[in-house]
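No value in this document is a laboratory result; all are computed from the given coordinates. Since the model is a prediction, treat every value here as computed from it, not as a measurement. Here Cβ is always computed from backbone atoms with ideal geometry, including for glycine, and neighbour counts include all displayed protein chains.
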Amino acid sequence: MSENRLFEKIKAIPKRNYSKQITPLQKLSNLSLALGGEVDIYIKRDDLLPFGGNKARKLEFLFQEAVDRSADTIITASTVQCNHNLMALLMANMEGMKTELILEHWAKSDYQYALDPNQHLYEFGGVSRTVSCGDPVTGPLHTMELALKMKADLEARGKNPYILARGGTCPLGNCGYVLCAGELLEQAKEKQVAFDYVVCPSGTGGTQAGLMIGLEQGGASAPVIGINVAQKNEKQLGAVCGALEGTAALLNVKAPDRDKIICHEEYVGEGYSKPTAELKEAIELLARTEGVLLDPVYSGKTMAGLIGLIRKNVIRKGSTVVFLHTGGFTPYYDYSSMAEMF
Ligand SMILES: *Cc1c(COP(=O)(O)O)cnc(C)c1O
């Protein structure tokens, strides 16, 4: 069958084995009941991956590329509220590589490094250098220019740096989520769970795009519902579409149709990492009914979306849904912006 061929083909791509174990698929009966008992909710626990979340599935491919190129230093970037930089730093340490990080802080113009607990974590991890990149308008482009400059500086000093994609999102990294879809399909078959939807965060869009390709190629018709965590659909649909096309091209399969992309923008609130009342409710509800913690930037907003869509009957009564918990270092996030909500 063609679906198996694709998963086998990706499994044959060399990678570090950061996500060796299969992450659990668990039923959230208490949460389902708390929401009226008419939708069955399952959770895919990618928060239990080594290094704490979804980046492990993407970065195991990218670190293999870095190892194959004999890199001695990793240069990478993410927002300060994201897990990516810390995870990449820890993985680089394991691989015996140095790390230079670009910190984007486009949510707060008055960002102060010294006060950010994340900075301490980078220092615990022995980061070689952190460089600030704060301009919200020129963000990603500016980030790449900076990365290229850092690369040239390192090369001038005789080093062999590897630029690791921002947030781990690039066609090779996204293959991790194509494989995750295959893993989910196998698990669901084994447990006899026929799911109608998958709900995941839509940040850079790599996770969502990988899942969409994997489910489609695996013969599943369940749509992947992305909950935007950073921006409105005007930009987000393009981001997911770009990730779909790039990843499908790398794998030599047909990209899912553009009109199959589902993104919900109504749970972003004022913007990336800005809290909402629905986010607070979602974190409380899951912690109190199921003992599972969510973070206030990605998985919390995504759960807020899931709850909202069940209440609006967009996720229909009588259906079964899988929530992808993408994880994150919960204490690593800055919750101070939520202080006024308690
Ligand atoms: C990076 C991240 C995301 C976003 O994934 P994308 O592939 O960028 O859309 C979601 N959840 C967590 C915990 C993350 O760290």
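Cβ under 9 Å from residue 321's Cβ, residue 321 left aside: what net charge do those residues give with Lys, Arg +1 and Asp, Glu -1?
-2
Within a Cβ distance under 15 Å of residue 150, other residues only, what is the Lys/Arg minus Asp/Glu net charge?
That works out to +1.
Among 118-127, 207-216, how do they line up by average Cβ neighbours within 10 Å per residue, starting with the highest?
On the way: 118-127: 15.7, 207-216: 28.2.
Result, highest mean Cβ count within 10 Å first: 207-216, 118-127.
What is the Cα convex hull volume of the chain when expressed per residue in Å³?
Dividing the Cα hull volume of the chain by its residues yields 129 Å³.
Give the Rg/Rh ratio for the range 1-48, taking Rg as the radius of gyration of the Cα atoms and Rh as the Kirkwood radius, to two decimals.
Here Rg/Rh amounts to 1.20.
What Rg and what Dmax come out for the range 1-84 when only alpha-carbon atoms are used, in angstroms?
Radius of gyration, then largest Cα-Cα span, for the range 1-84: 17.6, 55 Å.
If you find the alpha carbon centre of the range 173-222 and of the range 1-33, how far apart are they in angstrom?
8
What percent does the relative contact order of the chain come to when contacts are Cα pairs within less than 8 Å and at least six residues apart?
Details: 645 pairs, mean separation 74.4, N = 342.
Averaging sequence separation for qualifying contacts and normalising by length gives 22 percent for the chain.
Report the semi-axes of the equivalent ellipsoid for the range 288-328 in whole Å, largest first, where each axis is √(5λ) for an eigenvalue λ of the Cα gyration tensor.
Each semi-axis is the square root of five times an eigenvalue, giving 20, 11, 9 Å.
For the range 248-342, what size does the Cα cloud have along each of its three principal axes, sorted from largest down, in whole Å?
Ordered largest first, the range 248-342 gives principal extents of 48, 34, 26 Å.
For an R0 of 25 angstrom, estimate the FRET efficiency from the Cβ-Cβ distance between residue 22 and residue 280 and round to the nearest 0.05.
Efficiency computed from Cβ-Cβ geometry: 0.20.
In the chain, what % of DSSP beta bridges are antiparallel (nearest 5)?
Taking every DSSP beta bridge with both residues in the chain, the antiparallel ones total about 10 percent.
How much net charge surrounds residue 311 when only other residues with a Cβ under 13 Å from its Cβ are counted (Lys, Arg +1; Asp, Glu -1)? Mind dumping the intermediate values first?
Values: positive: 312, 316, 317; negative: 38, 266, 278, 281.
Combined, the nearby Lys, Arg, Asp and Glu give -1.
Order of 303, 338 from fewest to most other C-beta atoms within 10 Å?
In increasing order of surrounding Cβ atoms, one gets 338, 303.
Using packing as a proxy for protection, rank 245-252, 177-184 so that the peptide with the highest average count of other Cβ atoms within 10 Å comes first.
Packing proxy ranking, top to bottom: 177-184, 245-252.
For the range 139-244, what Kirkwood radius comes out of the mean inverse Cα-Cα distance, in Å?
The answer is 15.5 Å.
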